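Here the structure comes first, spelled out in structure tokens, and everything after it is commentary.
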Amino acid sequence: MSEKNFETGAIRKQLERSQYQEHTTPLYVTSSFIFEDAEDMRASFSEEKQRNIYSRFSNPNTSEFVDKVVQMEGAEDGYAFATGMAAVFSTFAALLNSGDHIVSALSIFGSTHTLFTKYFPKWNIETSYFDIHNLAEIENLIKPSTKILYAESPTNPGVDIIDLELLGAIAKKYNLLLVIDNCFATPYIQQPIKFGADLVIHSATKLMDGQGRVLGGIVVGKSDLIKEIYLFSRNTGPALSPFNAWILSKSLETLAVRVEKHCENALKLAEFLENHSKISTVKYPFLKSHPQFKIAQKQMKLGGNIVAVEVKGGLEKGKQFLNSIKMCSLSANLGDTRTIVTHPASTTHSKLSEEEQLAAGITPGLVRISVGLEHVNDIIKDINQALNS
């Protein structure tokens, strides 16, 4: 979708109106759907007809949500899930076989890392990690059994930026599937398919919902791949609920205006913290001091809402900072209207060993700030007083 049409498409793409001529899409809370006769039922189950059969397979509210994200990302098709991690797991489980190999960025979400290191090995699926600061090593990790190249950009929690165009070129050269987690950016800021991604994953729980209300996940991309993911999910049951889909579809109507404000606030906070005596480093994609600033400018419209900071004094000072927060929230979520402060080493990435954390850029004093929509002066005031406490 062209940028000038993003907001209009997010608002105006919806289901056909029913006989009641409702202005906004109603909530379809139903477990199943009826058939005209035996032949209609047979043809529907054999997939000769594309229709709703059972809400574990599809539902009008889920379809509307999927259609919007497909349009936003420039994808062919998609499937929605109960959570972001259900989307991650189902995507890999549907497309990989025993003996397959994944090449992944080391800087990924903690639960995804656990999938790769604890559960996939049980099914003889191996993962090799590359350092996001040394993309040249990717090609050395590729084996004949490698099937998927995977990354997040921006990364969680260090907001590093990976050159998606370069990943796309490598995936094409070696005939790999490129799967990108685009959760931190949202399709308003970045569309990985433009750079060669085959599939794009989101935790819709984050900025897509944007108000900390519901869980959800989605994967969009090439239709032949989505069909495999759909068939796997139809039988394993990680479907998104109609209510959550309805909430998320309505949330997408305000995605652009919310993300614009999130990014404006985040940049102002990052600029303030860059000169703070209690902070050793600040990382935000649209700060000129960010190591991958030029890449961020190339592939992102804005810098996102996450600011990563290193508090001087390490773990103890980091804890003291968190304990001194007054207005902002201490939570493991992100992308909320409310500013959230998280200590990744002890929470979201605590399952990683100390060595694994450091290799992924997660130091004991690292703090992730998900900048919300409060007045930026109030956000800065609370962060500042906590640092100076």
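The values are calculated or read from the model by the stated rules, or taken from the named source; none is laboratory data. In this text the structure is predicted, and so the values were computed from the model without any measurement. Heads up, the Cβs are rebuilt from the backbone with ideal geometry, glycines too, and the neighbour counts pull from every protein chain shown. Calculation scope for accessible area: heavy atoms of the full protein, side chains included, ligands and nucleic acids excluded. Shrake-Rupley method; radii C 1.70, N 1.55, O 1.52, S 1.80 Å.
What accessible surface, in Å², does a 1.4 Å probe find on S128, ignoring ligands, DNA and RNA and rounding to the nearest 10?
Roughly 20 Å² of S128 is accessible to a 1.4 Å probe.
Give me the extension gain from S31 to K288: residue separation times 0.36 nm, minus the current Cα-Cα distance, reported in nm with one decimal.
Length difference between fully extended and current span is 87.4 nm.
What number in nm² do you get for region 255-295 if you take the convex hull of its Cα atoms and divide its surface by four?
3.3 nm²
Solvent-accessible area of M300, probe 1.4 Å, all protein chains present, reported in Å² to the nearest ten, please.
Here the residue's solvent-accessible area equals roughly 10 Å².
What is the ratio of the Cα radius of gyration of region 218-321 to 2.2 N^0.38 Å, with N the residue count, to two decimals?
In units of the 2.2 N^0.38 Å rule of thumb, it is 1.52.
Run the numbers on the chain and let me know its relative contact order in percent, using alpha-carbon pairs under 8 Å that are six or more apart.
With pairs under 8 Å counted, the relative contact order is 18 percent.
Return the distance in nm (one decimal) between the two label points of a simple spin-label model at Q297 and N5, each offset 7 Å from Cα along Cα→Cβ.
The modelled label-to-label distance comes out at 3.0 nm.
With a cut-off of 11 Å, note down the residues of region 220-242 whose backbone N falls inside the zone around a label point 7 Å from the Cα of E76 toward its beta carbon.
The answer is 221-228.
Nothing charged except the Cβ atoms of Lys and Arg (+1) and of Asp and Glu (-1): what's the magnitude of the dipole of region 1-137 about its Cα centre? Round to the nearest 20 debye.
Numbers: 11 positive and 19 negative charges, 79 e Å.
The dipole magnitude comes to about 380 debye.
Working from the pairwise distances between different alpha carbons, so that the mean of 1/r is found and then inverted, what is region 4-51's Kirkwood radius in Å?
Details: mean 1/r = 0.0725 Å⁻¹.
Value: 13.8 Å, from the Cα pair sum.
Measuring from label point to label point, each 7 Å out along Cα→Cβ, what is the R17 to K326 span in nm?
5.1 nm
Treat each spin label as a single point 7 Å out from the Cα along the C-beta direction, and report the E137 to K268 distance in nm.
Rounded to a tenth, the inter-label distance reads 4.0 nm.
Considering the Cα positions of region 18-163, please state its Rg to one decimal place and its Dmax as a whole number of Å.
Both quantities, over Cα of region 18-163: 20.1, 60 Å.
Sequence-distant or interchain residues sharing an amide H contact under 5 Å with S55, placed H: which?
Residues meeting the amide H criterion: S32.
Report, please, the projected area of the chain averaged over directions, based on the convex hull of its C-alpha atoms, in nm².
So the mean shadow area of the Cα hull is 19.8 nm².
What is the spread of the Cα atoms of region 71-226 along each of their three principal axes, largest first, in whole Å?
42, 32, 32 Å, listed from the longest principal axis down.
Build a GNM of the chain with springs between Cα atoms under 10 Å: which of L273, L334, L207 gets the top mean-square fluctuation?
L273
At a 1.4 Å probe radius, which order do D224, D163 fall into by accessible area, largest first?
So, going from the largest accessible area down, we get D224, D163.
Show the residues, 5+ positions off or on another chain, whose built amide H is closer than 5 Å to the amide H of A185.
Distant-sequence amide H within range of A185: zero hits.
Counting residues in region 140-205 as N, plug N into 2.2 N^0.38 Å and put the Cα Rg over that result.
1.09
How large is the accessible surface of V257 in square angstrom, using a 1.4 angstrom probe and rounding to the nearest 10?
Approximately 100 Å² of V257 is accessible to the 1.4 Å probe.
Rounded to the nearest 500, what is the chain's calculated 222 nm mean residue ellipticity when only DSSP H runs of at least 4 contribute -39500 (n - 2.57) each, over all residues?
So the helix-based figure for the chain works out to -10500 deg cm²/dmol.
Straight-line reach only, C-alpha to C-alpha below 16 angstrom: list the lysines that K312 could link to, leaving out same-chain residues fewer than 8 apart.
K278, K283
Run the reach check for K206 against lysines, Cα to Cα strictly under 16 Å, same-chain hits fewer than 8 apart removed. What comes back?
Straight-line reach from K206, under 16 Å: K250, K261.
Take the solvent-accessible surface of the protein heavy atoms, probe 1.4 Å, and return the percent of it on region 274-389 that carbon and sulfur atoms account for.
52 percent
For K312 and E356, FRET efficiency with R0 = 22 Å and r from the beta-carbon atoms, rounded to 0.05?
Calculated transfer efficiency: 0.40.
Starting from 0.36 nm per residue, how many nanometres of slack lie between T24 and T117 once their C-alpha separation is accounted for?
This chain segment gains 29.1 nm when fully extended.
Who wins for biggest fluctuation among S46, S370, S90 in a Gaussian network model of the chain, springs between alpha carbons below 10 Å?
Most flexible of the set in this elastic network: S46.
Could you give me the ³J(HN,Hα) list for region 7-19, computed from phi with Karplus coefficients 6.51, -1.76, 1.60 and θ = phi - 60°, whole Hz, x at Gly and Pro?
Karplus-based 3J(HN,Hα) across region 7-19 equals 4, 5, x, 5, 8, 8, 7, 8, 5, 5, 5, 7, 5 Hz.
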